[in-house]
Amino acid sequence: MKDPTPLYSPKKDPMRLALFMSGSGSNVRKILDAYLEQRSKGDGSFEPVFIFTDTMESNAAAIGDEYKKLDINMTVHCNPIRKHYHQSECNSLQDMDVRAKYDAVQRDALQLFSVDAVALAG
């Protein structure tokens, strides 16, 4: 059997992590708390750098502000998916052509922030 190909090859710097959420953010908080605990022990294996949400109703902005006070400086980005579909004059969230254009915005943001991995925490 062939050895599995690693999804991430460790480098000198910590893995840059984006967190995707859409609601209360309880899973994002757990990841950020784990990061704080690891950082306090000198473990720099990952660094949260970006929070993304697809709805203005999520707690993403509040979480970003809360953890900024704990010296985690992350960019928080909201791109409301329903607004995107509405602006595209499409009412069906099933339209994959519109979805591809929406996803391209997030892809570009991940590249801009040199994100190595994404945690789907919603």
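The values are calculated or read from the model by the stated rules, or taken from the named source; none is laboratory data. Fair warning: this is a prediction, and the values are worked out from it, not measured in the lab. All Cβ positions, even for glycine, are placed from backbone atoms using ideal geometry, and neighbour counts span all protein chains on display. Calculation scope for accessible area: heavy atoms of the full protein, side chains included, ligands and nucleic acids excluded. Shrake-Rupley method; radii C 1.70, N 1.55, O 1.52, S 1.80 Å.
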Q.
Being open to solvent by less than 70 Å² (accessible area, probe 1.4 Å), hydrophobic (A, V, I, L, M, F, W, C) and either within 21 Å of LYS83 (Cβ to Cβ) or touching a residue at least 12 places away in the same chain (Cβ under 8 Å) (or both): is that true of MET15 here?
A. yes
Q | Candidates ARG29, ARG39 - the one that is surrounded by 16 or more Cβ atoms within 10 Å (Cβ to Cβ), part of a helix (DSSP H, G or I), free of Cβ contacts under 8 Å to residues at least 24 places away in the same chain and not small (Gly, Ala, Ser) | A | ARG39
Q.
Checking the condition modelled with pLDDT under 80, outside any helix (DSSP H, G or I), under 19 Å from the mean Cα position of the chain (by Cα) and not acidic (Asp, Glu), which residue from LEU70, LEU93, LEU7, LEU19 passes?
A. LEU7
(Q) Go through region 55-74 and report how many residues are open to solvent by 50 Å² or more (accessible area, probe 1.4 Å) and not small (Gly, Ala, Ser). (A) 10
